[in-house]
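Contents: one structure, followed by commentary.
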Amino acid sequence: MPAIIRLQREPIAIAAEVEKLVGAHKDVGAVVTFTGICRADENGAPIAALTLEHYPGMAEAEIARHVEEAYARWPLLAALVIHRYGRIVPGEDIVLVATASSHRHAAFAAAEFLMDYLKTRAPFWKQVESAGTTAWVEAKSADDAAAERWSAPPPQRDAAK
Amino acid sequence: MTSGTAGQSKKIKVRYFAWVRERVGKPEEEIEPPAGVATVAELMAWLADQGEHYAYAFENPKVIRAAIDRNHVRSEARIEGAGEIAFFPPMTGG
C-alpha cells in the first residue's frame, strides 16, 4: 500500500508532491488531486485566518485507516494525504489528497471517499479568526451525510446505469 | 476495599481538544475515576461533576466525541484497559 500521509505546518508544494507520488509508477493512467483552500469568508463574514488544531498520533492513524480502506475498495496504485495544521490565511491550501490508478474512475471515487472521511473522522478542528475574535467552526450535517453514503455496500453507481 | 483487579480504579490519561480543551482549561491530565465508572458516557458524567469548568465542558455530552487509544468509540464503549481517552467536538478538518 504505497501511501504518503503527512501532517505539516508549512504550505503544501502541490506539484512536487504529486510528481513524487506518481513518478515511480509506470502503469498510472489517472491521477486525481483535490486541494482544500482556506476561503476568505465563513458564513458570509470575512475572516482573517483559520487555525487548525489536531490530535497528533490519532490524526495520522485515522487517515491511514481510511487510505487502507480506499485501497481495499478501488484498484489504487498510489495515494497521498497531506493535511496542514496551525494558522492558515485565506488563499492558502489546507489539505491535499491525491489518488492514482490505471483508470480515472477509481482515482476520482477514492479521492472523494478520502475527503468525505477526512471531513468527519480525522481529528482536526478549525477555529476562525475574524475582527479580533475567534470561534470554532461547527460541523456540518451535509458533511456527515457525504461520509455516510460510503458506508452502504460498495458503490453501485456505475452498475446502475 | 476491592479484591482482585476487577473494579479497581486506575489512572487514565485524558486529553481534551478544541472547545472541550478551552472549557476544561487544560489540554490533558491524569484522572482516577472511581471503580463504578465503566463506560465513556459514565466517565463524561463523572467528569461533569468535577467542578464548574468540567460541568461547562460536558454540559451537553451528546455532542462530544471520544476516542480510546486513538480510535473513535461510541459513548457506550467500556473504558477498562484504556491507556488514553480523548474528548473533543465533532471534527471539522479537510
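Only the coordinates and a few stated rules stand behind these numbers; no lab work does. In this text, all values refer to a predicted model and were calculated from it rather than measured experimentally. Please note: Cβ atoms are built from the backbone with ideal geometry, for glycine as well, and neighbour counts cover all protein chains shown.
Taking A:Ile5 and the conditions (1) more than 16 Å from A:Pro123 (Cβ to Cβ); (2) buried (at least 16 other Cβ atoms within 10 Å of the Cβ); (3) β-branched (Val, Ile, Thr), which numbered condition does it fall short on, given that it satisfies the others?
Condition not satisfied by A:Ile5: (1).
Between a residue in the stretch A:57-74 that is over 12 Å from A:Tyr117 (Cβ atoms) and at the interface with chain B (Cβ under 9 Å from one of its Cβ atoms) and any residue that is of a type in the set (A, V, I, L, M, F, W, C) and assigned to a loop (DSSP other than H, G, I, E, B), which pairs come within a Cβ distance under 8 Å, given they are 6 or more apart or on different chains?
Close Cβ pairs satisfying both conditions: A:Ala59/A:Ala122.
Does A:Asp116 qualify as being among the acidic types (Asp, Glu), in contact with a Lys or Arg (Cβ under 6 Å, 6 or more places away or on another chain) and surrounded by fewer than 22 Cβ atoms within 10 Å (Cβ to Cβ)?
So A:Asp116 fails the test.
Give me a count of the residues in the stretch A:92-124 that are more than 18 Å from A:Ile5 (Cα to Cα) and either under 13 Å from the mean Cα position of the chain (by Cα) or facing another protein chain (nearest Cβ under 8 Å) (or both).
2
What about A:Trp136, is it within 14 Å of chain B (Cβ to nearest Cβ) and surrounded by fewer than 19 Cβ atoms within 10 Å (Cβ to Cβ)?
Considered against the rule, which asks whether it is within 14 Å of chain B (Cβ to nearest Cβ) and surrounded by fewer than 19 Cβ atoms within 10 Å (Cβ to Cβ), A:Trp136 comes out as yes.
Tally the residues that are within 23 Å of A:Ser141 (Cβ to Cβ), free of Cβ contacts under 8 Å to residues at least 40 places away in the same chain and assigned to a helix (DSSP H, G or I), restricting the search to the stretch B:30-78.
The total comes to 4.
Determine which member of the set A:Lys20, A:Lys26 is under 27 Å from A:Leu77 (Cα atoms), basic (Lys, Arg) and either under 19 Å from the mean Cα position of the chain (by Cα) or within 13 Å of chain B (Cβ to nearest Cβ) (or both).
Testing whether each residue is under 27 Å from A:Leu77 (Cα atoms), basic (Lys, Arg) and either under 19 Å from the mean Cα position of the chain (by Cα) or within 13 Å of chain B (Cβ to nearest Cβ) (or both) leaves just A:Lys20.
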